[in-house]
6 protein chains.
Amino acid sequence: NGKFCKDPRKVSPNDFFYTGLNVPRRTSNRLGVNVTLLTADSIPGLNTMGLSLGRVDLAANGGLNPPHHHPRASEIFYLIKGTLYVGFITANPTHRLFAKILTAGDVFVFPLGLIHFQWNIGSRQAVGFAILNSQNPGVVTTANTLFGAVPAVLSDVLAKAFQLDVATVEYLQQLPWQNP
Amino acid sequence: NGKFCKDPRKVSPNDFFYTGLNVPRRTSNRLGVNVTLLTADSIPGLNTMGLSLGRVDLAANGGLNPPHHHPRASEIFYLIKGTLYVGFITANPTHRLFAKILTAGDVFVFPLGLIHFQWNIGSRQAVGFAILNSQNPGVVTTANTLFGAVPAVLSDVLAKAFQLDVATVEYLQQLPWQNP
Amino acid sequence: NGKFCKDPRKVSPNDFFYTGLNVPRRTSNRLGVNVTLLTADSIPGLNTMGLSLGRVDLAANGGLNPPHHHPRASEIFYLIKGTLYVGFITANPTHRLFAKILTAGDVFVFPLGLIHFQWNIGSRQAVGFAILNSQNPGVVTTANTLFGAVPAVLSDVLAKAFQLDVATVEYLQQLPWQNP
Amino acid sequence: NGKFCKDPRKVSPNDFFYTGLNVPRRTSNRLGVNVTLLTADSIPGLNTMGLSLGRVDLAANGGLNPPHHHPRASEIFYLIKGTLYVGFITANPTHRLFAKILTAGDVFVFPLGLIHFQWNIGSRQAVGFAILNSQNPGVVTTANTLFGAVPAVLSDVLAKAFQLDVATVEYLQQLPWQNP
Amino acid sequence: NGKFCKDPRKVSPNDFFYTGLNVPRRTSNRLGVNVTLLTADSIPGLNTMGLSLGRVDLAANGGLNPPHHHPRASEIFYLIKGTLYVGFITANPTHRLFAKILTAGDVFVFPLGLIHFQWNIGSRQAVGFAILNSQNPGVVTTANTLFGAVPAVLSDVLAKAFQLDVATVEYLQQLPWQNP
Amino acid sequence: NGKFCKDPRKVSPNDFFYTGLNVPRRTSNRLGVNVTLLTADSIPGLNTMGLSLGRVDLAANGGLNPPHHHPRASEIFYLIKGTLYVGFITANPTHRLFAKILTAGDVFVFPLGLIHFQWNIGSRQAVGFAILNSQNPGVVTTANTLFGAVPAVLSDVLAKAFQLDVATVEYLQQLPWQNP
């Protein structure tokens, strides 16, 4: 990922350390979601280690980590609190949805590069952890990427792809698209 | 990808061969696109070689290879005929669109796992080649995957993610979603 | 790791699922530790995904996940409850100890193949998660491997390596060596 | 390959773009061949993407891309114009030739590191594309490498290896060896 | 491993060369062992090549290359002189010892990341070569790493892990721990 | 390489063992060379380990391991007896020869996929070891592959590539081509 390794003599335990991942995050936004992703940017010792870790907070009654994929990582998701409806969808041509309702203590796997989501169907805030096998996995939130691109994607392209009319697409394109 | 290697004594030149990739494909469908992808399924000798090749035909005046990504491959796209508007969008948080108008002889790169598209803005059929560094790259066509999943994704999830109302989502979900 | 992929038509969401990782494990053993490791054996969908996840329970007042390494994985450790003294030691010739006291919400990284440990210095049971970038990472608990090998390593070898007398080594070799 | 990544803020669509690959190349040289190879040197966006693309022009009636191999890539060859005799040879001890006559639209695979060639047996210029899974694949043209090395390989070595007399080897070594 | 490649124009044959690996090494130390490891530090041309080579001299009658592992490499060991008892131990839970007596001309394999040793049971100096598939494999000598760490590992941790009393551990921790 | 792993319960130390690599090999053949290559075929425990080892015996006064490359491995060569002239040649366009005279105890590196050779310029048999980072590296002896292919490569192709007349090529093609 283009980062340099530190001079070994200057490395300290703090280069392998992060604190505060247990603090609940605010989810008072449109999607009701807050993702904290620890990569080699936040923990220098992760550089070249091939791992990252994310905390996902989802607001009660509908907090959503919207459909997205990681271009460079597979994921294990572990739910520690709450009740979620989660799923991933396989590639062309089958588009099979593999979905499951998770409660605290459940684990679900999202394979490399496939689109997946987490949806809070419970009545209290949910918290899970996303475990990724890259120190720089990337996140592509599908709707945000397509309708919030800068500069905008030609509206004809999106209209035809999504079977929407151009006016709807252009309405969507001028909305704010908050990332989780 | 779970395929076995053939007994070396039974391998013949035909295991490394495919014919007819120059034949124009029919593009008389809703999207105006036809993709022929040669993987280790069509050419056994590609197994373990880490490469595949696709032919993309796009109908005149708006044929579209709609936004999609490859979960396990980067791509070089080479246009041999026609005029296209192509692009890819970077991951969160920037969502930068890198787009370009291509004419015959132009080459464009789509990085690993990022969403990209090709749109025929010319008045005749266009033909390009997609070069992928996996013998099993996978294709995830974004709209088809989300709105054509089987079983369907909960409409509330898609409505919230795309800032559409539920009725629109459910209308979209019952449409046919043809893959390129 | 030599496992075969399932026929895609027979795969179900349960192949990507595990339940009960939130249930506290018994730690009433000599070391005061209990490790639950989810690999491709427990979650078939992890096969080829390059990830695994372990739950580590450590008894109050001295529960110990003793010095060990993973021959095929780096690790992120995330502490959700309790207070631990953790560390890893670099390779020859420096043998630097990188150690830290962790409280709930802290994260620490153990680089590929280096020996590390977790020691409960708090007065209640501690729980952490070990995140590993291999579906088959392996665990080599140092003392158990050397003194509990079957058949036994020649006692002269261990005596010389550890600067112990042969009688002490042979006494150790006949002890039970429980794995975490 | 030792190249640095650009500052992401300074990257533009042109870093992923190349134009003019459809322009016929001159083949009026001894071998009757002209290879244009697009690597991370010509397209900066290919850096770390693991792909490159070459155009091969072969003169009518005997243009030859002489026996060569790529030390760091497998290849898919796609012929868009003309008629070629192509082949690769397996490693010791079998030395099996896998050869085929290709016409426009045909595809052939050359496995990683094996020696292969393309020979124009038709009466007009031929054009094909070489697709390689490395951004820096390397080309080792066999005869040129051995007889055109600088400084020269000891003629005794080549004479014994090729079962030629030393005078013939030394004659060959003073010839010009043009690369495709 | 963070090393840069040299400017190709400045590279010379000496960057791929090392001399004197046949010279016997002194083994008059506590363990009776001397390891010379050639990595990309000693041979710049090894950078990115994924290989290293070590010479192991073992004193007559008990010279010991004590239990150790390589965090980033598998090993082939080739004995050219003397008689050794060698072995490796598998990971949890089996801890199987795979051991063998080797005489000159014998070869033994130590799999990635597993603890192994070589012990001279003959009456003259023994010499072997360790072949490793990383240009920076690393060596973790088990006892030295645990008892010679700087700063010291808490003695309680080692006492509990090794089933030794704290006084013995602290005695061991103040001893010198020479690396092979 | 398509080999299956043994059932772990049936694996024994002999699966990691080979004996007799110190026995001189006969070199009374045209080239004066004998190569013994230990891969996963000869040592089952090498499977998935990414390493192999070859012994090279070269007859006095001109024994030659003729120009060849390994399609899937880099090499460290270690000379234990004799005096050799060795070298490798870089890829197009430079074709630089990196050559060196080696005596016992010298080490030389041959980078991935490049053509190299060893030539005995001393008056007694020489012995070296080739260390390769693949359990199935492959050997492509250049002259043998091109002139000894079965079926034969079209003589026109070789004549043009090597700047030889067709009669010379056809004479060479009917010679026996012994592999080292």
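The values are calculated or read from the model by the stated rules, or taken from the named source; none is laboratory data. Quick caveat: nothing in here was measured; it's all calculated off a predicted structure. Reconstructed Cβ throughout: ideal geometry from the backbone, glycine too, with neighbour counts over all protein chains shown. We work out accessible area using only protein heavy atoms, side chains counted, and drop any ligands, DNA or RNA first. Shrake-Rupley method; radii C 1.70, N 1.55, O 1.52, S 1.80 Å.
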Among C:Val33, C:Val150, C:Val139, whose mean-square fluctuation peaks in a Gaussian network model of chain C (Cα, cutoff 10 Å)? C:Val150
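Any idea what % of Cα-Cα pairs in the range D:1-159 are farther than 27 Å? Don't jump to the answer; show the numbers that get you there.
Working: 3826 of 12561 pairs.
When all Cα pairs of the range D:1-159 are counted, 30 percent exceed 27 Å.
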Cleavage-rule hits (chymotrypsin sites (Phe, Trp or Tyr not before Pro)) in the range D:1-75: DSSP loop, at most 11 neighbouring Cβ within 10 angstrom: D:Phe4
When each copy gets a label point 7 Å from Cα toward the beta-carbon at A:Pro176, what are the spacings between them in nm, shortest first? 4.2, 6.2, 6.8, 6.8, 8.4
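Report, to the nearest whole %, how much of the accessible area of the range E:60-180 belongs to carbon and sulfur atoms, 1.4 Å probe, protein only.
On the range E:60-180, the fraction of accessible area on carbon and sulfur atoms equals 56 percent.
Counting only DSSP beta bridges with both residues in the range A:35-180, what percent are antiparallel, rounded to the nearest 5?
Details: 38 of 38 bridges.
Antiparallel: roughly 100 percent of the beta bridges in the range A:35-180.
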Relative intensity, log₁₀ I(q)/I(0), of the range C:108-180 from a Debye sum that treats every alpha carbon as a point, q = 0.14, 0.18, 0.20 Å⁻¹: -0.64, -0.90, -0.98
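Tell me the relative contact order for the range F:43-180 as a rounded percent, counting alpha carbon contacts under 8 Å between residues six or more apart. Intermediate values should be presented prior to the final figure.
Details: 298 pairs, mean separation 45.4, N = 138.
Reported as a whole number, the value is 33 percent.
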Summed for both chains, how many Å² of accessible area, to the nearest 100, are buried between F and D with a 1.4 Å probe? 4600
Starting from the 7 Å offset along Cα-to-Cβ, what nm value, one decimal, do you get for the label separation of D:Ser42 and E:Val23? 5.0
How much FRET efficiency would the formula 1/(1 + (r/R0)^6) give for E:Ser123 and D:Thr103, where r is the Cβ-Cβ distance and R0 is 60 Å, rounded to 0.05? 0.25
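Can you flag which of E:Lys81/F:Lys81; C:Lys10/F:Lys10; A:Lys160/D:Lys81; B:Lys10/C:Lys10 are past 23 Å Cα-Cα?
Distance filter (> 23 Å) returns C:Lys10/F:Lys10; A:Lys160/D:Lys81; B:Lys10/C:Lys10.
Can you show me the helix-derived [θ] at 222 nm for the protein assembly as shown, built from DSSP H runs with n ≥ 4 at -39,500 (n - 2.57) apiece and divided by the number of residues, rounded to the nearest 500. List each step's numbers first, then the result.
On the way: 18 runs with 132 residues, N = 1080.
Helix contribution divided over all residues of the protein assembly as shown: -3000 deg cm²/dmol.
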Most fluctuating residue given options F:Asn14, F:Asn120, F:Asn133, as computed from a GNM of chain F linking Cα atoms under 10 Å: F:Asn14
For B:Val150, place a label point 7 Å from Cα along the Cα-to-Cβ direction in every copy; what are the distances to the other copies, in nm, shortest first? 4.1, 5.0, 5.0, 6.3, 6.6
Can you tell me the equivalent ellipsoid semi-axes for the range C:32-124? Use √(5λ) from the Cα gyration tensor, largest first, whole Å. 22, 19, 11
Excluding A:Val127 itself, calculate the net charge of residues whose Cβ lies under 9 Å from the Cβ of A:Val127, where each Lys or Arg counts +1 and each Asp or Glu counts -1. +2
With 20 Å bins from zero, work out the P(r) of the protein assembly as shown over every alpha carbon pair and list the percent per bin. 12, 39, 36, 13, 0
One finds, for B:Thr168 and A:Asp15 with R0 = 60 angstrom and r their Cβ-Cβ distance, a FRET efficiency to the nearest 0.05 of 0.75
Among D:Leu53, D:Leu154, D:Leu38, the residue with the largest mean-square fluctuation in a Gaussian network model of chain D built from Cα contacts under 10 Å is D:Leu154
What are the nm distances, shortest first, from D:Ala60 to its equivalents in the other copies, labels at 7 Å along Cα→Cβ? 3.1, 6.2, 8.2, 8.2, 9.3
For B:Lys6, the aspartates and glutamates lying under 15 Å Cα to Cα, once residues fewer than eight places off in the same chain are dropped, come out as B:Asp15, B:Asp41
Solvent-accessible area per residue, Å², over the range B:60-178 with all protein chains present [probe radius 1.4 Å]: 28
